[in-house]
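These notes are about the structure you will find just below.
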Amino acid sequence: MEFSVLSPDNYQKFVNSQERCFYTQLVEYGEVRQSDGLEVERVGLVESGQILAAATIVYQPWKRIFRRATIPYGPVLNWDDDVLVGEFFRQLRAFIAAKRSVLAIRVNPFVVRREYEDITPGETVSAAAIMDRVAQELGGTLLHREFYEDSSVQIRFAYTKDIGGMTYKEAAASCGQVVRTAFNRKGTNGVEVRFLGPDRIDVLARVLEHTASRTEMSEISKKTIEYYRELMERMGPDGAFLPVAILNCPTALADLDAERHEVEAKVAALEEAHEKAEAEGRAVGKKQHNALKEHRARLEVIARREAEVREVQADHGDEVELAASFFVHSPHELVYLVSGAYSEFQSFQGIYLIHRAMFEWATEHDVRWYNMFGISGDFSEHASDAGVLHFKRQFRGNVEEYAGTYDIPVHKHLAAWTGMIG
């Protein structure tokens, strides 16, 4: 087996053919990092012209004159093949050792360490044990830090829903009642989900700034927003998505007015039937009595919603941004990377309707994993992200616990001396 630099085309064909690949191992991600001024290489293990394993390496500066090789959520290979995993990392280290300024490799494989049923942990997975052994053989260390403690460590827990082979209706039906009810509001409340282009990344920036100001969400830097914009430009409309939920007040009021007239007609008919029954000395049926009660209650709801929409329209105009999200698509996987919403508009279900739009897209485009991504791994009610986890669990998926982040020394003493590892 030969370890070599791969052409972008050959690399992309290989990763696209794999069962699972995180977006940070796609060619476009590497191009974005190159535009940031970093060196990027796409390497692979090749036998008889066939690529067996591949990775995007990003070389990050360390204390000006040194560098660290990072492989975010990679490499891409068959993690159950212990011989292949071992050979790849041995040759990777030898390849990088030729670069005198690179002292260590940081890698967080996109491989599950433990399976869960919702948030209940189950059995550990052998693939992670293989990586543990290979890293140890190479003098590597598994870091015992989380992303919220150290920003250089990648997220280790995600909440993911397997929707492979499902239609939209099947995927929606497999979610919890709150999600199903919100999804069914599509077309009834004047809210439209629009997919904006990279030139409108400012919409996402504003929503995230608002969300960070009222929650424990970290502030999103201008550099991160620019990263999202460039991902959109390079990945195209089927690779990175900026869905925004927008309330059209005139449409919402027209829909409510039409529904009110419809319900009022039903109330009038039932009231007439009640009066006729009383005049004839007959008892009103329980079914008719309950229907009249429900329709009158519905009129009260419509009146409240009309008042709410008119207030929003008076304060913010005819069209109002409710929520915005950022998704990235890689082979068979859609990653819900970040999202925000304006708190005063939560009753319009903007975030849920964004997810409905993405469920529709995902079930039409061979997506198996609807990856809602980062959670802390603390499943208690006192966790800093307890509200975020509660929201994601409504979609009835499962936690994925990944193998973790490893530091593998290339020049051990220098890496330790500079503080890169250890």
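The values are calculated or read from the model by the stated rules, or taken from the named source; none is laboratory data. The shown structure was predicted, so the numbers you read here are calculated from the model rather than taken from an experiment. Glycine also receives a Cβ, built like all others from the backbone with ideal geometry; neighbour counts cover every protein chain displayed.
Has the range 135-142 got any residue that is farther than 20 Å from residue 379 by Cβ, touching a Lys or Arg at 6+ places or on another chain (Cβ under 9 Å), loosely packed, with under 13 Cβ neighbours inside 10 Å and aliphatic (A, V, I, L, M)? No. Taking residues in the range 272-292 that are without any contact (Cβ under 8 Å) to a residue 40 or more places away in the chain, and partners anywhere that are surrounded by 13 or more Cβ atoms within 10 Å (Cβ to Cβ) and not in a helix (DSSP H, G or I), the pairs with Cβ atoms closer than 6 Å and at least 6 places apart or on different chains are 274/284; 277/284.
Has the range 110-117 got at least one residue that is assigned by TED's automatic domain parsing to the domain that holds residue 133, part of a loop (DSSP other than H, G, I, E, B) and crowded, with 19+ Cβ neighbours inside 10 Å? There is at least one residue in the range 110-117 that is assigned by TED's automatic domain parsing to the domain that holds residue 133, part of a loop (DSSP other than H, G, I, E, B) and crowded, with 19+ Cβ neighbours inside 10 Å.
In the range 175-203, the residues that are within 20 Å of residue 231 (Cβ to Cβ) reach residues that are at pLDDT 95 or above and among the hydroxyl-bearing types (Ser, Thr, Tyr) with C-beta atoms within less than 9 angstrom, at least six apart or across chains, in these pairs: 198/228; 201/228.
Return a yes/no flag: does the range 383-406 have any residue that is outside the structural domain of residue 110 (by TED's automatic domain parsing), part of a strand (DSSP E or B), in contact with a strand residue (DSSP E or B) (Cβ under 9 Å, 6 or more places away or on another chain) and under 28 Å from residue 198 (Cα atoms). No - not one qualifying residue is present in the range 383-406. Taking residue 284, is it surrounded by 12 or more Cβ atoms within 10 Å (Cβ to Cβ) and modelled with pLDDT of 95 or more? Against the criterion (surrounded by 12 or more Cβ atoms within 10 Å (Cβ to Cβ) and modelled with pLDDT of 95 or more), residue 284 does not qualify. Scan the range 143-167 for residues that are among the hydroxyl-bearing types (Ser, Thr, Tyr), modelled with pLDDT of 95 or more and surrounded by 15 or more Cβ atoms within 10 Å (Cβ to Cβ) and jot them down. Matches in the range 143-167: 159, 160. Restricting 244, 267 to residues that are part of a strand (DSSP E or B) and either surrounded by 15 or more Cβ atoms within 10 Å (Cβ to Cβ) or among the hydrophobic types (A, V, I, L, M, F, W, C) (or both) narrows the list to 244. Of the residues in the range 57-70, at least one is touching a strand residue (DSSP E or B) at 6+ places or on another chain (Cβ under 8 Å), free of Cβ contacts under 8 Å to residues at least 40 places away in the same chain and closer than 14 Å to residue 140 by Cβ.
Can you tell me which residue in the range 178-208 is surrounded by the fewest Cβ atoms within 10 Å (Cβ to Cβ), limited to those that are touching a strand residue (DSSP E or B) at 6+ places or on another chain (Cβ under 8 Å) and closer than 19 Å to residue 372 by Cα? Filtering the range 178-208 for residues that are touching a strand residue (DSSP E or B) at 6+ places or on another chain (Cβ under 8 Å) and closer than 19 Å to residue 372 by Cα, the one surrounded by the fewest Cβ atoms within 10 Å (Cβ to Cβ) comes out as 195. Is it the case that residue 317 is surrounded by fewer than 12 Cβ atoms within 10 Å (Cβ to Cβ), small (Gly, Ala, Ser) and within 30 Å of residue 196 (Cα to Cα)? Taking the combined requirement at face value, the residue satisfies it. Residue-level check: of (1) in contact with a helix residue (DSSP H, G or I) (Cβ under 6 Å, 6 or more places away or on another chain); (2) surrounded by fewer than 18 Cβ atoms within 10 Å (Cβ to Cβ), residue 222 misses just (1). Got at least one residue in the range 401-418 being more than 19 Å from residue 152 (Cβ to Cβ), modelled with pLDDT of 95 or more and crowded, with 18+ Cβ neighbours inside 10 Å? Yes, the conditions are met somewhere in the range 401-418.
Given the structure, is residue 2 of a type in the set (Asp, Glu) and touching a strand residue (DSSP E or B) at 6+ places or on another chain (Cβ under 6 Å)?
Yes: the conditions hold for residue 2.
The listed residues are 108, 78, and the only one of them that is within 22 Å of residue 23 (Cβ to Cβ), polar (S, T, N, Q) and touching a Gly at 6+ places or on another chain (Cβ under 9 Å) turns out to be 108.
Would a scan of the range 168-177 turn up a residue that is assigned to a loop (DSSP other than H, G, I, E, B), surrounded by 16 or more Cβ atoms within 10 Å (Cβ to Cβ) and out of contact with any helix residue (DSSP H, G or I) (no Cβ under 8 Å at 6 or more places or on another chain)? Yes, some residue in the range 168-177 is assigned to a loop (DSSP other than H, G, I, E, B), surrounded by 16 or more Cβ atoms within 10 Å (Cβ to Cβ) and out of contact with any helix residue (DSSP H, G or I) (no Cβ under 8 Å at 6 or more places or on another chain).
Scanning the range 271-300 for residues that are hydrophobic (A, V, I, L, M, F, W, C) and within 21 Å of residue 261 (Cα to Cα) returns 273, 291, 292, 297, 299.
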